[in-house]
Amino acid sequence: MIKKWVARAAVTAAAGIAMIAGITSPAYAADTVYDLVYQDILVGDMWHIDDGDKFRVYDWYKDGHGIEGTLQVWIISSSKWADKESAYNNTGAGTYVGFQNDVLNGFTYRMKVCLQDGASDTTPIKCGYKTFGE
Ligand SMILES: [Ca+2]
Ligand SMILES: [Ca+2]
């Protein structure tokens, strides 16, 4: 009887430690979000989901304008930001368009989020930036 109880207590304690480790795991702690606000309205945002390096571009406002989210990386040798991948979203309904792109240690990345006229006119109305890394 006592043996059984001790075994169960040990299992419970182990599960507790695993749960605490899960909460503090950096895999979910470093997601990055950039909100693009235009004329006091949240028009869109871009997310980096650290777990799997997924990127999501949201269009939150049905205004006939789309949101383009671009992942850029800093190139030290040329002192320039270079585009890695981008996605355009003009749904306006809170859905997202996404892509996956590996974020590597030791590089500086940024998300460039632009409000655009439309799919055929890529002139940005407003752009915002957020720098991040792993
Ligand atoms: Ca990652
Ligand atoms: Ca829109």
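Brief remarks follow.
- Qualifying position, being more than 16 Å from F132 (Cα to Cα) and under 18 Å from the mean Cα position of the chain (by Cα), among V103, V43, V113, V73: V43
- Residue that is most open to solvent (accessible area, probe 1.4 Å), among those in region 53-85 that are free of Cβ contacts under 8 Å to residues at least 40 places away in the same chain and not in a strand (DSSP E or B): K62
- The condition of being touching a Cys at 6+ places or on another chain (Cβ under 9 Å) and in the same structural domain as V43 (by TED's automatic domain parsing) holds for only one of K62, K112, K80, that being K112.
- When region 101-134 is filtered for residues that are assigned to a loop (DSSP other than H, G, I, E, B), more than 16 Å from ligand 1 (Cβ to nearest atom) and either touching a Lys or Arg at 6+ places or on another chain (Cβ under 8 Å) or open to solvent by 60 Å² or more (accessible area, probe 1.4 Å) (or both), the ones remaining, listed by number, are D117, A119, S120, T122, T123.
- Residues satisfying the stated conditions in region 86-100, i.e. at pLDDT 95 or above and surrounded by fewer than 15 Cβ atoms within 10 Å (Cβ to Cβ): Q100
- Index of the failed condition, A30 passing every other in (1) part of a loop (DSSP other than H, G, I, E, B); (2) touching a residue at least 60 places away in the same chain (Cβ under 8 Å); (3) more than 15 Å from ligand 1 (Cβ to nearest atom): (3)
The values are calculated or read from the model by the stated rules, or taken from the named source; none is laboratory data. Just so it is clear, the structure is predicted and the values come from calculations on it, not from any experiment. No Cβ is skipped: glycine too gets one built from the backbone with ideal geometry, and neighbour counts run over all protein chains shown. Just the protein is used for accessible areas: all its heavy atoms, side chains included, with ligands, DNA and RNA removed. Shrake-Rupley method; radii C 1.70, N 1.55, O 1.52, S 1.80 Å.
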